[in-house]
Amino acid sequence: MTTLLEVRNVNKRFTMGGLLGRRVINAVQDANLTLSSDKPEIFTIIGESGSGKTTLARMILGLELPTSGEISFAGKTVSHRVGRQERLDFMAKVQPVFQNPFEAFNPLKRVDRYLESTARRFLRLKSRDDLDGAMDGALQKVGLSLAEVRGRYPHEMSGGQLQRAAIARALIPNPPLLVADEPVSMVDASLRMSIVNLLKSLRDDLGVSVIYITHDLATAYYISNRLIIMQRGRIVEMGDARTVLDNPEHPYSRLLKASVLSTEDAGAGKLATDPEMVELANELVKRPGRLVDRPDGRMVMSYDRA
Amino acid sequence: MSQTTKQDILRVNDLKAYYQMNYFGVNREVRAVDGITMTVRKGEVYGIAGESSSGKTSFIKVLAAAIRPPLRVVSGTVEFDFKSGKIDVAHASPSEVERVRWRDLSYIMQGSMSVLNPVRKIGKTFRDFAFRPLGLSNEAFEARVIEHLRRLKLPPEVLNAFPHELSGGMRQRVTIGLATVCHPEFVIADEPTTALDVVVQKEVLGLIREIQQDMNSSVVFVTHDMSVHANMADRVGIIYAGRLVEEGPTREMFFAPKHPYTAHLVASLPRIGDTTQRPALEGRPPNLADPPQGCRFHPRCPLAVDKCRKDVPPLEQVGPDHRTACWRWQDVKPLVSPHVAHGVMA
């Protein structure tokens, strides 16, 4: 088994404030995860805002350096403090997809210009025909075509189309890994599934691994192979997506699952959350604990008795 | 759940509201609301679903009497029947609207972050909003606000806090508090929970529902998230391209939809415990400046026939309380059965 991505004992601390009222925020604490390059998978990071999921993704992309610990991609340490060439080589292999496509694209720039500059930069293509070929190839993979996109500005496309174009741009250098940070939370419900199905087909048909960051448990269950659940910077449960979400063990995972609005009882107006569950999950944030292996292959955080 | 009295509090009759713009001498007309007729009953929660640029926000702007140019009401009426009297907010004068605003007709806005004034304490904001409509003495007003905050599970200390000192969920509860402190008969909520985390979202929705039942007010709320509608609404109306395409009791909308668009919206919801392939609806919502002929959904509709391309289907009664605008509603099959196991709830 060759490792594609390895995150080992990674911590990230942010310091807020100045001399007075200085505060330290542990955005990510002791994160460990490994992605193998043999079998492409969708690896999901679930968490609420402030759980550190985006910080972890930014560190994987090399936009942020871990305070301690190491992230390595295909055997090399990930860092933005490297030579230009090395950084470009890394960027060609790990590509990001951001949350809001309307913000990711400059509204004054045509969408195909982004695709073109990505192709120029990472594939070193110069001739018009080669560039068009690369752009069209990537757009075909996401169900668009160059003819549809050429000359159009972001506002001329729907949110779903634009998010697909963003994914097409990320696919141009044929990366083995995509990091998608909440790629569907800004997309309309009717178009959401087209993006989620697209990520699925990238994995199944093109062999691209995807790190899928979300707070939506239902889509995570639908597409992911493995997942981690993060609470305030700590991974509290990790394992096979179906195993974990069918029967979550950690109190926080249970709370998340219980908070998913189900459509089974449509019209019944069931909206009560058990306050004890919320309290228990909140209390566990402060307790020290470590991840323990469970017989079914998952890892759950267990706490020392107080 | 729907222990509604049959009395209507809101009657919208053939409402048309267009954006009329004149750029460089070219007139453009965007038909954001194009002939909507609906009613909301006393004590009812009515959910409006639709994707972005379907005209749902324009529609509730008209309901909330927040019409600003270039949006203009072209025809139709929006009649509220408050205890304090009837009012047609589409044609009322600003002073008449002022009379019912917050006291009878209130509005929970989208994005709690940007709604609250960042340099004003919450207590002052409450004063700005509610002091005049309530018309109470200083002490009575203070007591009323604190009592109301308690109901929203907020400590009275928040009155001395600035918005940035509160968490997202608390801020959203404060905006709900602002909108409901006058005990309005009618509340409009625009995507009240879209930016919130799952745990907080459920809590806030539960709170809106609780307050609504306490005050027996009517709520119209808008979101594109069908799972929110499933848990909040007594009735759901679906807006597509400026028109109401289907309306019915929540349960029927989910398990026996009569419009292909509704059937799709429901079927595309992923669920925990179910990994079967979910269909995605191809195509994009129509441009409202140049909508398609006939039924506006026909370019994306799997059931479309020639008639759909030519003639506009009327919104017809297909059951008690259930109306749909589709020529082929008898052929619409629910794409998911309600019996799919929902995993083991812990």
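Scanning the stretch B:227-260 for residues that are over 25 Å from residue B:195 (Cα atoms), outside any loop (DSSP other than H, G, I, E, B) and touching a residue at least 40 places away in the same chain (Cβ under 8 Å) returns B:243, B:244, B:245, B:246, B:247, B:248, B:249, B:252, B:255, B:260.
Restricting attention to the stretch A:237-279, the residues that are over 26 Å from the mean Cα position of the chain (by Cα) and modelled with pLDDT of 90 or more add up to 0.
Which one is surrounded by the fewest Cβ atoms within 10 Å (Cβ to Cβ), of the residues in the stretch B:98-125 that are under 24 Å from the mean Cα position of the chain (by Cα) and part of a helix (DSSP H, G or I)? Checking each candidate, the answer is B:114. Screening the candidates B:236, B:200 for the property of being open to solvent by 10 Å² or more (accessible area, probe 1.4 Å), within 11 Å of chain A (Cβ to nearest Cβ) and of a type in the set (Val, Ile, Thr) yields one hit, B:200. Restricting the stretch A:93-142 to residues that are open to solvent by 40 Å² or more (accessible area, probe 1.4 Å) and touching a strand residue (DSSP E or B) at 6+ places or on another chain (Cβ under 7 Å), the residue that is modelled with the lowest pLDDT is A:99. Name the single residue that is modelled with the highest pLDDT among those in the stretch A:44-59 being open to solvent by 10 Å² or more (accessible area, probe 1.4 Å) and closer than 16 Å to residue B:169 by Cβ. The residue in question is A:48. The set of residues from the stretch B:204-220 being within 23 Å of residue B:7 (Cα to Cα), in contact with a helix residue (DSSP H, G or I) (Cβ under 7 Å, 6 or more places away or on another chain) and within 13 Å of chain A (Cβ to nearest Cβ) comprises B:208, B:209, B:211, B:219.
Is it the case, given these coordinates, that residue A:99 is touching a helix residue (DSSP H, G or I) at 6+ places or on another chain (Cβ under 8 Å), under 30 Å from residue B:197 (Cβ atoms) and polar (S, T, N, Q)? No.
In the stretch A:259-281, which residue that is open to solvent by 20 Å² or more (accessible area, probe 1.4 Å) and not in a loop (DSSP other than H, G, I, E, B) is nearest to the other protein chains (Cβ to nearest Cβ)? The residue in question is A:278.
In this structure, does residue A:35 turn out to be closer than 30 Å to residue A:204 by Cβ, surrounded by 15 or more Cβ atoms within 10 Å (Cβ to Cβ) and within 15 Å of the chain's Cα centre (by Cα)? So residue A:35 passes the test. Within the option set B:95, B:75, being assigned to a helix (DSSP H, G or I) and open to solvent by 20 Å² or more (accessible area, probe 1.4 Å) holds for one residue only, B:95.
Scanning the stretch B:244-300 for residues that are more than 22 Å from the chain's Cα centre (by Cα), more than 7 Å from chain A (Cβ to nearest Cβ) and among the basic types (Lys, Arg) yields a count of 1.
Among the residues of the stretch A:151-165, just one is over 12 Å from residue A:112 (Cβ atoms), open to solvent by less than 10 Å² (accessible area, probe 1.4 Å) and among the small types (Gly, Ala, Ser), namely A:160. Under 23 Å from residue B:236 (Cβ atoms) and either modelled with pLDDT under 90 or within 14 Å of chain A (Cβ to nearest Cβ) (or both): does that describe residue B:53? When the stated conditions are applied, residue B:53 passes them. Among the residues of the stretch A:172-182, the ones that are open to solvent by less than 10 Å² (accessible area, probe 1.4 Å) and either within 14 Å of another protein chain (Cβ to nearest Cβ) or not in a loop (DSSP other than H, G, I, E, B) (or both) come to 4 in all. Within the stretch B:214-226, is there a residue that is assigned to a helix (DSSP H, G or I), farther than 25 Å from residue B:56 by Cα and in contact with a Lys or Arg (Cβ under 7 Å, 6 or more places away or on another chain)? Within the stretch B:214-226, none of the residues are assigned to a helix (DSSP H, G or I), farther than 25 Å from residue B:56 by Cα and in contact with a Lys or Arg (Cβ under 7 Å, 6 or more places away or on another chain). Can you work out which of the residues in the stretch A:204-217 that are under 23 Å from residue B:195 (Cβ atoms) and open to solvent by 10 Å² or more (accessible area, probe 1.4 Å) is nearest to the chain's Cα centre (by Cα)? Per the criteria, the residue is A:215.
In this structure, is residue B:30 outside any loop (DSSP other than H, G, I, E, B) and open to solvent by 10 Å² or more (accessible area, probe 1.4 Å)? Considered against the rule, which asks whether it is outside any loop (DSSP other than H, G, I, E, B) and open to solvent by 10 Å² or more (accessible area, probe 1.4 Å), residue B:30 comes out as yes.
If the requirement is being free of Cβ contacts under 8 Å to residues at least 12 places away in the same chain and in contact with a Lys or Arg (Cβ under 9 Å, 6 or more places away or on another chain), which of these qualifies: B:152, B:159, B:136, B:207?
The conditions single out B:136.
Please determine, by comparing only the residues of the stretch B:179-189 that are in contact with a helix residue (DSSP H, G or I) (Cβ under 6 Å, 6 or more places away or on another chain) and open to solvent by 10 Å² or more (accessible area, probe 1.4 Å), which one is farthest from residue B:229 (Cα to Cα). Out of the qualifying residues, it is B:182.
Only one of the listed residues (B:309, B:284) is open to solvent by 70 Å² or more (accessible area, probe 1.4 Å), assigned to a helix (DSSP H, G or I) and touching a helix residue (DSSP H, G or I) at 6+ places or on another chain (Cβ under 8 Å). That residue is B:309.
The values are calculated or read from the model by the stated rules, or taken from the named source; none is laboratory data. As the structure is a computational prediction, the values presented were derived from the model and not from experiment. Virtual Cβ from ideal backbone geometry, glycine too; neighbours counted across all protein chains shown. For accessibility, only protein heavy atoms count, side chains too; no ligands or nucleic acids. Shrake-Rupley method; radii C 1.70, N 1.55, O 1.52, S 1.80 Å.
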